[in-house]
Amino acid sequence: MPGRTEGIVLKSRPFGEADLIVEYLTRDFGIRPAFAKSPRKIKSRFGGSLEPFTHARISLMGREDANLPRLTQSDIIRPFQTLREHSGGFVQACGLAALVMKLLPERETHGAPDAFELLLWGLDGLEREPGSSFVPVVFKLRVLALAGYAPSLSGCARCGRQSEAFNFSFYPRDGALLCGDCKKDAPAIKISAALKGLLGSLQAFPLEKLARIKPGEKLLSELKGFVETHFREGANITVKPARPL
Ligand SMILES: [Zn+2]
């Protein structure tokens, strides 16, 4: 039986007349669907706590092997209501939830607290600054790392050189850097020293310190291009566009 934990609602769908199936990212048990009895019947605090992106303290009851534990309690810790009511922010938050569901396996408890904290960080950032282009790209980079798709940026993957003077390129299909001397004939992205430094910080910094990093517009757009290409080519992942829940 899963038990008590904290959860963030990724999405929910109606089930029968008045019930809901709620997909959670939980702090302790990873991604878990849960069955919520009759939340749609009356406008209640319980029902309100099942809105998308709500962070709540929850209790899941059912056998350990039960596919669908029952949600017996849900107390809101943070509603993220402002985020939900901002149309642009809402769509961006749907994008974060879609990435979590696409990249992280269901019921995986290993690394669950990190994934949970990352999603909270992303939702918090989007609620503070809806339309942010920094939060979604950093979220994508970090969730890729949690899923085992971190780009390798520690130096040339062939000769091990670190110096920026060697003119690095990133090879998305290998997920790694090669220096100017080791370069090969394959699709590559030129990577500036500034971007390499930024990526290093974004991967290594604790979440609470990421807000200190403020790349300029040019570097941010370089970052976006890099993460998108790595996502598409290296991780070889296609994610359906976010859709209303
Ligand atoms: Zn090299």
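This table checks each residue for (1) at negative phi; (2) over 16 Å from the mean Cα position of the chain (by Cα); (3) surrounded by 15 or more Cβ atoms within 10 Å (Cβ to Cβ).
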| residue | (1), (2), (3) |
| --- | --- |
| 61 | yes, yes, yes |
| 68 | yes, yes, no |
| 75 | yes, yes, no |
| 82 | yes, yes, no |
| 87 | yes, yes, no |
| 94 | yes, no, yes |
| 110 | yes, no, no |
| 116 | yes, no, yes |
| 119 | yes, no, yes |
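The set of residues in region 19-69 that are at pLDDT 85 or above, of a type in the set (A, V, I, L, M) and assigned to a loop (DSSP other than H, G, I, E, B) comprises 50, 68. Could you tell me which of the residues 182, 94 is in contact (Cβ under 8 Å) with a residue 12 or more places away in the chain and within 16 Å of the ligand (Cβ to nearest atom)? Unique residue meeting the criteria: 182. Scanning region 197-207 for residues that are touching a residue at least 12 places away in the same chain (Cβ under 8 Å), surrounded by 15 or more Cβ atoms within 10 Å (Cβ to Cβ) and more than 18 Å from residue 233 (Cβ to Cβ) gives 198, 202, 203, 207. Exactly one residue among 204, 193 is away from the ligand (no atom under 16 Å from the Cβ), farther than 26 Å from residue 78 by Cα and modelled with pLDDT under 95, and that residue is 204.
Conditions (1) more than 29 Å from residue 98 (Cβ to Cβ); (2) out of contact with any Cys (no Cβ under 6 Å at 6 or more places or on another chain); (3) not acidic (Asp, Glu), marked per residue:
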{"position": "144", "(1), (2), (3)": "no, yes, yes"}
{"position": "150", "(1), (2), (3)": "no, yes, yes"}
{"position": "167", "(1), (2), (3)": "yes, yes, yes"}
{"position": "170", "(1), (2), (3)": "no, yes, yes"}
{"position": "174", "(1), (2), (3)": "no, yes, no"}
{"position": "181", "(1), (2), (3)": "yes, yes, no"}
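Of the residues making up region 20-39, those that are surrounded by fewer than 17 Cβ atoms within 10 Å (Cβ to Cβ) and either of a type outside the set (Val, Ile, Thr) or under 18 Å from residue 81 (Cα atoms) (or both) are 28, 37, 38.
Of all residues in region 139-178, those satisfying the criterion of being within 13 Å of the ligand (Cβ to nearest atom), hydrophobic (A, V, I, L, M, F, W, C) and assigned to a loop (DSSP other than H, G, I, E, B) are 157, 159, 168. Scanning region 70-123 for residues that are charged (D, E, K, R) and part of a helix (DSSP H, G or I), which turns out farthest from residue 34 (Cα to Cα)? Step by step, filter region 70-123, then rank; the result is 85. Within region 168-191, the set of residues being crowded, with 16+ Cβ neighbours inside 10 Å and of a type in the set (Gly, Ala, Ser) comprises 169, 175, 176, 188.
Residues in region 153-167 that are in contact with a Leu (Cβ under 9 Å, 6 or more places away or on another chain) and modelled with pLDDT of 90 or more: 156, 157, 158, 159.
The values are calculated or read from the model by the stated rules, or taken from the named source; none is laboratory data. Just so it is clear, the structure is predicted and the values come from calculations on it, not from any experiment. Reconstructed Cβ throughout: ideal geometry from the backbone, glycine too, with neighbour counts over all protein chains shown.
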